[in-house]
Amino acid sequence: MGLVQTLLSIGSLNAAALAVAALLFAVAFYRLHLHPLSHIPGPWFAAVSSVWMHAICYFGVEGHVLLDYHRKYKTAVLRIGPDSVSIADGEALHQVYVAGGGLPKDARYSNFRVEGHDTIFSAVDQNYRDRRAKAVLPLFAPSRIQSAYETDGVMEPLVAKFVAQLQEARAKPDAKIDVLDLCSRLSIDILTAYLFGCVYGGLDEPRRRPQDKLSATPFVLTIVALSRFSLLSNRLFTLLFSVLFHHRMRSDPELAPSLQAVSRFAESVVDGPSSKADTYQSRLRDAGIDREETLVQCKAVMFAGADSTAVVLATILFHLVQNPQVRERARAEASTAADPQSLPYLRAIVREGLRVAMANPARLTRLVPTGGLRLADGTYLPAGTKVGAAAYVLHHDPAVYPDPFVFRPERWLAAGQASTDAQARNAFAFGLGPRACLGRNLANHQLHAVVKAVLASGVLEGARTCTDRIRLIEWFNAEIKGHELEIAW
Ligand code: HEM
């Protein structure tokens, strides 16, 4: 009797296992051969399951793995998941990000909500985003940024302080500095001084030990690290977020003080005297945004702007240290009084820096709406497809940028030629279209002004980098491995 029962239960188990296997096989078969995306080339394991995509996102290798697969399959449109494609063609960017207001962001962006609130960046609902973005947009007009820099004295003293700190480091016995940390301090100070009328004080924070970083850094790194899970469904992400966040709070003793420092600063911005001037926070308040959400929007823009600009600026300084011939060529321009953005070689240095740094190297994902999308090359993407281009892939296309891993500002100088048109078309550091970076004019102004001031000072002469190259973790927001980039003299 016992034996019969055992055989029966083994039999029913086998039947259940067979049923599951048959179902999995049917799903895989459908996704590989019958799905509306089955005509798009790509690895079979990506077509049958999204596990692979989650894995490369988690391990921070999305950019270069996608680059390899676009090359392997010799295709500009690559299937990377059951319902996802990656595009590597600069000409397709317009259709995805610009035409008709661009395709909407997909649900993954909701995973970037802050403290339960959507931000300008995370909002999938265009009306929600537009109300807030329109309120603050005038602050990002080039003329306003220019006059804040030149006449109002908002940013120039911070840049001078930054250069002075490089010079002090050079004069010290160990003659060494972490330029990434220094750039983070400067970037958060410029952003807060300009947008909030109130300086965070990163450059003035004491460095008791050489390894001491900007107080906001653990806050920033936590958001950057959690973005590795951003492809998960909103529900799963929220669950995982609370577990991982609490784990990080326990394991990183610097995180709680960092969150407190950022929150205290945001409160002083929203409640203090600067909220009365024409600032980011006053504009949100005038648009009817309540205090609690304004606090979140201020923290979010500090994260979105300061870290990205710091990564790009530190990368440019790193390459300037490694390339004395570039410094030599730029020196004459840097010593003029002209507007930094009018100087051709300096502009080429910044463009090349934005190309190789890639603060956002991974795909900027969008959702194909009802009706589908036919790309210029004829490829049809049905409604519901998640489509995205990654700066890493576009910026390393050897047909557009020969020797793509080499820092070579000269490639941007042959203005008007077909080759530079293609280069400009593939330049994706700030994204494209109506949801492109809101702060790009501010970032560009800062990058040009700081690079000019550093070159004019001659402080990089005799410097060397402490690593041979920059190692990036290609999460949604890139992280430089070890969050450190030292130079020494
Ligand atoms: C070099 C520095 C920067 C880089 C490379 C950068 C990059 C980007 C990219 C790629 C996006 C588009 C993301 C997407 O489509 O998913 C973006 C969006 C955004 N960035 Fe930046 N950013 C930089 C600096 C800044 C600064 C300085 C600010 C603010 C002061 C800022 C604020 C924003 C905001 C608010 C958005 C969301 C725009 C929207 O969705 O409407 N960024 N940034």
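The values are calculated or read from the model by the stated rules, or taken from the named source; none is laboratory data. For clarity, every value in this text was computed on a predicted model and none was experimentally measured. Here the Cβ is made from the backbone with ideal geometry for all residues, glycine too, and neighbour counts use every protein chain on show. When the accessible area is computed, the model is the full protein with side chains, heavy atoms only, and any ligands, DNA or RNA have been set aside. Shrake-Rupley method; radii C 1.70, N 1.55, O 1.52, S 1.80 Å.
Exactly one residue out of Ala92, Ala55, Ala88 is closer than 22 Å to Met358 by Cβ, among the aliphatic types (A, V, I, L, M), at pLDDT 95 or above and in contact with an Asp or Glu (Cβ under 9 Å, 6 or more places away or on another chain): that is Ala88. Residues in segment 129-145 that are within 11 Å of the ligand (Cβ to nearest atom) and in contact with a His (Cβ under 9 Å, 6 or more places away or on another chain): Ile145 only.
When Leu78, Leu103 are checked against the criterion of being aliphatic (A, V, I, L, M), at pLDDT 95 or above and more than 15 Å from the ligand (Cβ to nearest atom), a single residue qualifies: Leu78.
What single numbered condition from (1) of a type in the set (Gly, Ala, Ser); (2) surrounded by 14 or more Cβ atoms within 10 Å (Cβ to Cβ); (3) more than 27 Å from Gly371 (Cβ to Cβ) fails to hold for Ala26? Only one criterion is unmet by Ala26, namely (2).
The condition of being open to solvent by 20 Å² or more (accessible area, probe 1.4 Å), within 16 Å of the ligand (Cβ to nearest atom) and not basic (Lys, Arg) holds for only one of Ala314, Ala266, Ala287, that being Ala287. If you filter segment 331-352 down to residues that are open to solvent by less than 30 Å² (accessible area, probe 1.4 Å) and out of contact with any His (no Cβ under 7 Å at 6 or more places or on another chain), you find that the one that is nearest to Val450 (Cα to Cα) is Ala334. Any residue that is within 16 Å of the ligand (Cβ to nearest atom) and farther than 19 Å from Ala76 by Cβ - is there at least one of those in segment 384-397? Checking segment 384-397: not a single residue is within 16 Å of the ligand (Cβ to nearest atom) and farther than 19 Å from Ala76 by Cβ.
Candidates in segment 111-128 are the residues that are in a helix (DSSP H, G or I) and free of Cβ contacts under 8 Å to residues at least 24 places away in the same chain; of these, the one that is nearest to the ligand (Cβ to nearest atom) is Tyr128. Of the residues making up segment 139-183, those that are farther than 29 Å from Ser274 by Cβ, open to solvent by 40 Å² or more (accessible area, probe 1.4 Å) and part of a loop (DSSP other than H, G, I, E, B) are Lys172, Pro173, Asp174. Here Val400, Val459, Val356 are screened, and the one residue that is touching a residue at least 12 places away in the same chain (Cβ under 8 Å) and assigned to a helix (DSSP H, G or I) is Val356.
Please specify each residue of segment 207-254 satisfying the condition of being among the small types (Gly, Ala, Ser) and more than 23 Å from Leu472 (Cβ to Cβ).
If we filter segment 207-254 for residues that are among the small types (Gly, Ala, Ser), which is where we start, we get 215-216, 225, 227, 230, 233, 242, 251.
Within segment 207-254, Ser215, Ser233, Ser242, Ser251 qualify.
Of the residues making up segment 205-218, those that are in contact (Cβ under 8 Å) with a residue 40 or more places away in the chain and more than 16 Å from the ligand (Cβ to nearest atom) are Lys213, Ser215, Thr217, Pro218. Only one entry of Leu373, Leu354, Leu413 meets the criterion of being of a type in the set (A, V, I, L, M) and in contact with a strand residue (DSSP E or B) (Cβ under 6 Å, 6 or more places away or on another chain), and that entry is Leu373. Would you call Ala414 modelled with pLDDT under 95, in contact with a Ser or Thr (Cβ under 8 Å, 6 or more places away or on another chain) and part of a loop (DSSP other than H, G, I, E, B)? Yes.
Taking the residues in segment 341-383 that are among the charged types (D, E, K, R) and more than 16 Å from the ligand (Cβ to nearest atom) as candidates, determine which candidate is modelled with the lowest pLDDT.
For segment 341-383, the residue satisfying everything is Asp377.
Within segment 424-439, residues that are closer than 25 Å to Leu413 by Cα and within 6 Å of the ligand (Cβ to nearest atom) have Cβ atoms under 6 Å from residues that are small (Gly, Ala, Ser) and not in a helix (DSSP H, G or I) in these pairs: Phe430/Ala436; Cys437/Gly431, counting only partners at least 6 apart in sequence or on another chain.
Does Ser50 count as touching a Lys or Arg at 6+ places or on another chain (Cβ under 8 Å), away from the ligand (no atom under 16 Å from the Cβ) and either closer than 20 Å to Tyr380 by Cα or open to solvent by 10 Å² or more (accessible area, probe 1.4 Å) (or both)? So that I can check it myself, show each step before the final result.
Working: touching a Lys or Arg at 6+ places or on another chain (Cβ under 8 Å): no; away from the ligand (no atom under 16 Å from the Cβ): yes; either closer than 20 Å to Tyr380 by Cα or open to solvent by 10 Å² or more (accessible area, probe 1.4 Å) (or both): yes.
For Ser50, the condition - touching a Lys or Arg at 6+ places or on another chain (Cβ under 8 Å), away from the ligand (no atom under 16 Å from the Cβ) and either closer than 20 Å to Tyr380 by Cα or open to solvent by 10 Å² or more (accessible area, probe 1.4 Å) (or both) - is not met.
Residue-level check: of (1) more than 16 Å from the ligand (Cβ to nearest atom); (2) under 24 Å from the mean Cα position of the chain (by Cα); (3) open to solvent by 10 Å² or more (accessible area, probe 1.4 Å), Val301 misses just (1).
With the condition kept exactly as written, say whether any residue in segment 81-91 is without any contact (Cβ under 8 Å) to a residue 60 or more places away in the chain, more than 28 Å from Gln341 (Cβ to Cβ) and in a helix (DSSP H, G or I). Spell out the reasoning first.
Initial filter on segment 81-91 (without any contact (Cβ under 8 Å) to a residue 60 or more places away in the chain): 82.
If we keep only those that are more than 28 Å from Gln341 (Cβ to Cβ) too, we end up with 82.
Narrowing the set further to residues that are in a helix (DSSP H, G or I) leaves none.
Taking every residue of segment 81-91 in turn, none turns out to be without any contact (Cβ under 8 Å) to a residue 60 or more places away in the chain, more than 28 Å from Gln341 (Cβ to Cβ) and in a helix (DSSP H, G or I).
Residues Ser110, Ser86: which one is crowded, with 20+ Cβ neighbours inside 10 Å and among the polar types (S, T, N, Q)? Steps first, answer last, please.
On the way: Ser110 fails: crowded, with 20+ Cβ neighbours inside 10 Å.
Being crowded, with 20+ Cβ neighbours inside 10 Å and among the polar types (S, T, N, Q) holds for just one of Ser110, Ser86, which is Ser86.
Restricting Ser215, Ser227, Ser242 to those that are on the phi < 0 side of the Ramachandran plot and outside any helix (DSSP H, G or I) reduces the list to Ser215.
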